[in-house]
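Rule-based calculations on the coordinates, nothing more; no lab input. Everything numeric here is computed off the predicted structure, so don't read it as measured data. Cβ sites come from the backbone with ideal geometry, for glycine too, and all protein chains shown count toward neighbours.
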Number of protein chains: 2
Amino acid sequence: MTVDTDRFLADLHTLRGFGAFKTGVHRPTFSEVDMRARHWFVDRLREEGLEAEIDGIGNILGRNPKSGPHLLAGSHLESQNEAGWLDGALGCVAALHLAASGLPVDVAVFADEEGHYGSFIGSRSFTGLLEEEEIDRLANRYHGKTLREAIRDAGLEGRPRLAVERDRYKAFLEMHIEQGRQLEGQGLKIGVVTGIVAIWQWKITIEGQQNHAGTTTMAERRDAGLAAVRLLAAIDQEFPRHCGERTVWTTGRIALSPGAPSIIPGRAEILFQYRDVDIEVLRRLEGVLRRCVAESNRRERTLATLEALSLSTPAVSDAGLQEALAEAAEALVPGGWQRMPSGAGHDAQYLARVMPAAMMFVPSINGISHHWTEDTSEEDLATGMRVLAEGARRVLAG
Amino acid sequence: MTVDTDRFLADLHTLRGFGAFKTGVHRPTFSEVDMRARHWFVDRLREEGLEAEIDGIGNILGRNPKSGPHLLAGSHLESQNEAGWLDGALGCVAALHLAASGLPVDVAVFADEEGHYGSFIGSRSFTGLLEEEEIDRLANRYHGKTLREAIRDAGLEGRPRLAVERDRYKAFLEMHIEQGRQLEGQGLKIGVVTGIVAIWQWKITIEGQQNHAGTTTMAERRDAGLAAVRLLAAIDQEFPRHCGERTVWTTGRIALSPGAPSIIPGRAEILFQYRDVDIEVLRRLEGVLRRCVAESNRRERTLATLEALSLSTPAVSDAGLQEALAEAAEALVPGGWQRMPSGAGHDAQYLARVMPAAMMFVPSINGISHHWTEDTSEEDLATGMRVLAEGARRVLAG
């Protein structure tokens with residue numbers, strides 16, 4: 001096994017040219033430039049001796065002719081709009097170079113992890129969790145083109161969707177940028193991912209009474225905006241008392257209706273989410289949230305209701321795979337790594353449902369992601385590639 | 001002096017026909033239907049023997065040929081969008097019927113009190129507080145047509161703007177619906193207005209750091225939305241300790257950027273206002289607000305800044321006029337009236353700068369205003385008309 005990190009970096013830079021935007025890329029799923037990137041990647045897989053094709057949902061599978069046991073490795077090729085050059089691309093090119101190094105690794109590129117059309121449609125299709133009916137109704141969240149049209153325009157119509165051959169693989173590995181600043185902040189080079197957090201996303205709606213901001217006394221008001229502030233302040237008080245060590249919670253949106261300076265808001269809509277790797281913590285925080293909403297309805301003359309928008313399941317990394325990656329990291333960067341959860345969702349969480357899966361992080365400069373300034377030093381990228389390859393070797397040998 | 005309340009009500013119902021919308025009216029400033037209503041009103045003034053014209057800003061002045069001392073009375077004719085039939089119209093038609101009853105009353109209709117193009121442009125023009133430069137830059141807040149174009153299309157271009165003849169008038173009187181439920185709630189028929197609140201309108205901007213809601217730990221965050229919630233919760237705690245008896249305060253809008261479920265808000269914009277008739281209370285609350293913002297900047301890792309959008313001056317009703325209206329109310333509806341501030345702004349606040357001014361309220365059913373369901377019973381309208389006329393008679397005699 002020999003990893004050529006110069007060629008690995010060269011491939012990353014070539015890929016950066018597809019949809020280059022400032023120092024990042026703009027490569028939305030199934031755009032013309034995204035499809036060119038996919039075809040280039042298929043060509044590269046074939047150059048390395050893999051049998052590669054794009055399937056009917058846009059996934060790429062490169063099958064390694066070497067005899068098994070095999071590993072599967074990969075990530076996604078499309079980007080968020082005007083985003084970074086490494087998010088997803090890193091894991092794909094790293095998987096390519098695992099195969100190029102001589103290891104019996106199949107390479108997978110999962111379509112639309114970034115959610116231009118849906119939620120993890122590539123990895124869900126590959127693991128048998130995406131129905132035709134869902135494909136029928138999905139459309140691009142930015143410009144509304146249907147997924148069926150996009151698949152047709154990408155030249156993929158009529159192709160079968162590939163399904164995972166569970167018996168073929170010993171494990172799935174995904175390398176990714178951290179998208180946070182934990183590694184950088186501690187001067188570490190590698191994160192061995194213990195699990196991928198679940199996101200529990202809620203909509204809180206508060207109904208009050210729209211009224212004139214001058215002629216309605218404070219005592220008469222049923223102010224949905226004020227009730228929203230008090231509820232969110234209560235959540236801010238209660239959550240730290242019940243959360244886990246690495247739980248995060250976020251109010252991403254507060255919309256008051258009608259939103260005019262001199263009108264008491266009659267309605268408030270709040271988008272609130274929390275994330276954790278531990279299902280018990282997620283359930284406990286649901287209880288806290290429900291109590292805060294009930295308390296609001298006892299105190300206020302408004303009606304708050306809670307609606308679950310999505311409640312995903314945490315994905316725990318396989319212990320043996322974690323150990324192999326940890327040993328590889330300790331061998332190549334002694335003391336320069338840590339175990340850590342992934343706060344973001346990744347394709348690996350769906351692969352974890354059908355085989356042992358694990359992830360490995362490299363540092364993100366300033367923790368920036370989903371922005372064109374996202375970056376990682378070439379030295380850290382090369383170190384990550386070497387650790388991943390050593391980890392893969394240990395998994396196959398184990 | 002004889003007030004014909006049947007004709008008064010008949011005129012109100014005729015006016016309701018201009019731009020009828022459900023049970024209310026849709027009569028935006030300078031719309032075709034608004035101009036037809038203005039011309040109809042000029043005709044009615046002339047029928048009652050007044051010399052009437054529309055000036056270059058859309059104001060109507062009906063001069064009474066009777067010898068002085070004169071009173072001035074009036075309000076506005078345009079409506080908010082899809083709003084009520086009485087807001088403004090009531091004060092204009094009441095002024096017309098003061099003149100029709102034989103009193104030496106001039107009638108004024110002030111353009112655009114409802115602010116389709118600007119802030120009180122009619123009464124400010126009449127009282128010498130509107131410059132040509134402001135007219136040059138104003139445009140319709142809903143559809144963007146410039147005020148100059150609207151004036152030209154209304155056929156008013158080139159007409160002079162009328163200015164108040166201060167020496168001609170003893171006082172200004174404006175009758176209006178309450179737009180609240182204080183009178184109705186206490187079974188009262190008349191409100192003698194003690195003053196018109198000032199509105200101090202602020203924009204609070206909070207700058208944080210936009211970031212990934214999954215990969216950024218709670219300790220690392222600079223969450224502008226959370227800082228906004230904490231600041232508004234602090235204001236909610238502090239204001240009741242320092243406000244006046246009838247102070248009201250309102251957060252009409254909270255906008256978090258970018259407003260996505262999985263992104264920590266990097267910026268928050270808040271529209272916050274308070275209203276009171278007492279300048280000392282307004283100043284005290286500014287101090288409280290500034291302390292809350294300073295406290296936020298001490299506690300949070302975000303930067304909150306405060307910008308005054310408008311700081312108006314409270315208008316206090318003339319004591320002698322209040323007394324005349326109070327005596328009239330007590331004579332006609334003994335015990336059925338109260339003194340009260342106006343929580344909304346009115347043209348009278350600008351007239352109060354150039355002559356003694358006062359206002360009188362009639363009840364609003366369910367306190368509704370700025371909505372097509374706004375209403376007042378015909379009995380209460382007629383009672384109001386009779387009290388206003390009796391009050392005007394006392395002012396002229398006093």
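Table for the structure above
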read-out: Binned Cα-Cα distance frequencies in chain A - 20 Å width, integer %; value: 26, 51, 20, 3, 0
read-out: Residue order, fewest to most surrounding Cβ atoms within 10 angstrom, among B:170, A:22; value: A:22, B:170
read-out: Neighbourhood charge, 13 Å Cβ-Cβ cut-off, centred on residue B:192 and excluding it, Lys, Arg +1 and Asp, Glu -1; value: -4
read-out: Dipole in debye (nearest 20) - segment A:9-94, about Cα centre, beta carbon charges: Lys, Arg +1; Asp, Glu -1; value: 140
read-out: About the Cα centre, charge dipole magnitude for the protein assembly as shown (Lys/Arg +1, Asp/Glu -1 at Cβ), debye; value: 1060
read-out: Dipole of segment A:198-311, positive end: most advanced residue of A:277, A:310, A:226 [Cβ charges, Cα centre]; value: A:226
read-out: For segment B:211-260, Kirkwood radius (reciprocal of mean inverse C-alpha pair distance, Å); value: 13.3
read-out: Ascending list, in nanometres, of distances separating the residue B:69 label from those of the other copies (7 Å, Cα toward Cβ); value: 10.4
read-out: Proximal lysines to residue A:170, defined as alpha-carbon separation beneath 21 angstrom and excluding residues fewer than eight positions away on the same chain; value: A:66
read-out: Rounded, prolate or oblate (a/c below 1.5 giving rounded, otherwise prolate when a/b exceeds b/c) for segment B:102-199 by Cα gyration tensor; value: oblate
read-out: GluC sites (Glu not before Pro) restricted to segment B:245-354 and DSSP loop, no more than 10 other C-beta within 10 Å; value: B:245
read-out: Relative contact order of segment B:278-367, defined on C-alpha pairs under 8 angstrom at six or more residues apart (%); value: 26
read-out: Ratio of Rg to Rh over segment B:1-158 (Cα coordinates, Kirkwood Rh, two decimals); value: 0.97
read-out: Which of A:87, B:11, B:136 has the fewest Cβ neighbours within 10 Å, and the rest in rising order; value: B:136, B:11, A:87
read-out: At q = 0.12, 0.17 Å⁻¹, base-10 log of I(q)/I(0) for segment B:5-96 (Debye sum, equal scatterers on each alpha carbon); value: -0.35, -0.69
read-out: Dipole of chain A [Lys/Arg +1, Asp/Glu -1 at C-beta], most positive-end residue of A:79, A:289, A:61; value: A:289
read-out: Relative contact order (percent, whole number), chain B, Cα cutoff 8 Å, 6+ residue spacing; value: 22
read-out: Among B:250, B:217, B:14: highest mean-square fluctuation, GNM of chain B, C-alpha pairs under 10 Å; value: B:217
read-out: Within straight-line cross-link reach of residue A:145, aspartates and glutamates at Cα separation under 13 Å, skipping those fewer than 8 residues along the same chain; value: A:136, A:153
read-out: Segment B:198-311 - Rg over Rh from alpha carbon coordinates, Kirkwood radius; value: 1.03
read-out: Least to most buried among B:174, B:378 (fewest other Cβ within 10 Å first); value: B:378, B:174
read-out: Rounded FRET efficiency, nearest 0.05, which uses the C-beta distance separating residue A:298 from residue B:318 and R0 of 60 Å; value: 0.80
read-out: Share antiparallel - DSSP beta bridges, the protein assembly as shown, percent rounded to 5; value: 70
read-out: Charge dipole (the protein assembly as shown, unit charges on Cβ, about Cα centre) - positive-most of B:320, A:125, B:258; value: B:320
read-out: Contact order normalised by residue count of segment B:198-311, Cα under 8 Å, 6+ apart, percent; value: 46
read-out: Cα convex hull volume per residue for the protein assembly as shown (Å³); value: 171
read-out: Size of charge dipole - chain B - debye, nearest 20, with Cβ of Lys, Arg +1 and Asp, Glu -1, no other charges; value: 1040
